[in-house]
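Any read-out appearing in this document is the output of simple, stated calculations on the displayed coordinates, not a laboratory observation. Just so we're clear, the structure is a prediction, and the values are computed from it rather than from any experiment. Virtual Cβ from ideal backbone geometry, glycine too; neighbours counted across all protein chains shown.
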C-alpha cells in the first residue's frame, strides 16, 4: 500500500466517523435534546474547543477514529435506543449513496467489484448487501474456524480499487467503509460501548420501566 493510498484510507476513516456522529447528533436534536460534547477519536486528547451554552464542545483525540457524543434531555429507554441506531443508520445511507454514485461515474464497470451490467441503483443495493453480510459471516467464521479469511480477502481488494478506479473507486471504497462501520457498530460489545450495546441496554431499560408501571 502506497503512502498516498494509506493517507486516503486514514482520511476516509475520519469522514466516516464524522458522518456517524452527525447521525447521532441529528437524532438528539430532532427529539429536543441538547448536545454537550462531540468527541472525534477515542485515544489521547490533543485539542478541545471551549464549552459553550449555544453549542457543543468539540474534542479531538488521536488516533481520530471512532467517536462519542454526550447529550442530555433524551429519556432512557426507546428514545436513547433511537439515538444509538441513528449513527449506523447515517453510515448506511452514506454507503448506499456512495455505491450509487460510484456506479454512475465508473468509466468502466470492471474497475468496481460486482458491477458488471448492473444499473447504478441495483449495483448500490447489491454492494450494500454484500458488505453488510461480511461482518456476521466473519463472526461465524471466527467462531467456527478461528479465522476471517472472507473479510480479509474483501478488504484486500480496496487498495486496488482506490488506486485504479479514479473517483468511482474512491466512492466505492467510501461505501464499503461506511457499510462496514455501520454493521460493526451494531455488534453489541459492552467493553467498547458500541451502538449495538447501547441499543440493547436502552431497550432493556424500556422493558424494565414498563414492568414497573404495570399493575
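Might you let me know whether region 45-62 holds any residue that is in contact with a helix residue (DSSP H, G or I) (Cβ under 7 Å, 6 or more places away or on another chain) and either over 18 Å from residue 167 (Cα atoms) or surrounded by fewer than 17 Cβ atoms within 10 Å (Cβ to Cβ) (or both)?
No, there is no match, as no residue in region 45-62 is in contact with a helix residue (DSSP H, G or I) (Cβ under 7 Å, 6 or more places away or on another chain) and either over 18 Å from residue 167 (Cα atoms) or surrounded by fewer than 17 Cβ atoms within 10 Å (Cβ to Cβ) (or both).
Residues are listed down the side, and each one gets a yes or a no for (1) closer than 28 Å to residue 172 by Cβ; (2) touching a helix residue (DSSP H, G or I) at 6+ places or on another chain (Cβ under 8 Å); (3) surrounded by fewer than 19 Cβ atoms within 10 Å (Cβ to Cβ):
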{"residue": "66", "(1), (2), (3)": "yes, yes, no"}
{"residue": "75", "(1), (2), (3)": "no, no, yes"}
{"residue": "82", "(1), (2), (3)": "no, yes, yes"}
{"residue": "88", "(1), (2), (3)": "yes, yes, no"}
{"residue": "98", "(1), (2), (3)": "yes, yes, no"}
{"residue": "103", "(1), (2), (3)": "yes, yes, no"}
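Out of curiosity, is residue 147 closer than 29 Å to residue 190 by Cα, surrounded by fewer than 16 Cβ atoms within 10 Å (Cβ to Cβ), touching a helix residue (DSSP H, G or I) at 6+ places or on another chain (Cβ under 7 Å) and without any contact (Cβ under 8 Å) to a residue 40 or more places away in the chain?
For residue 147, the condition - closer than 29 Å to residue 190 by Cα, surrounded by fewer than 16 Cβ atoms within 10 Å (Cβ to Cβ), touching a helix residue (DSSP H, G or I) at 6+ places or on another chain (Cβ under 7 Å) and without any contact (Cβ under 8 Å) to a residue 40 or more places away in the chain - is met.
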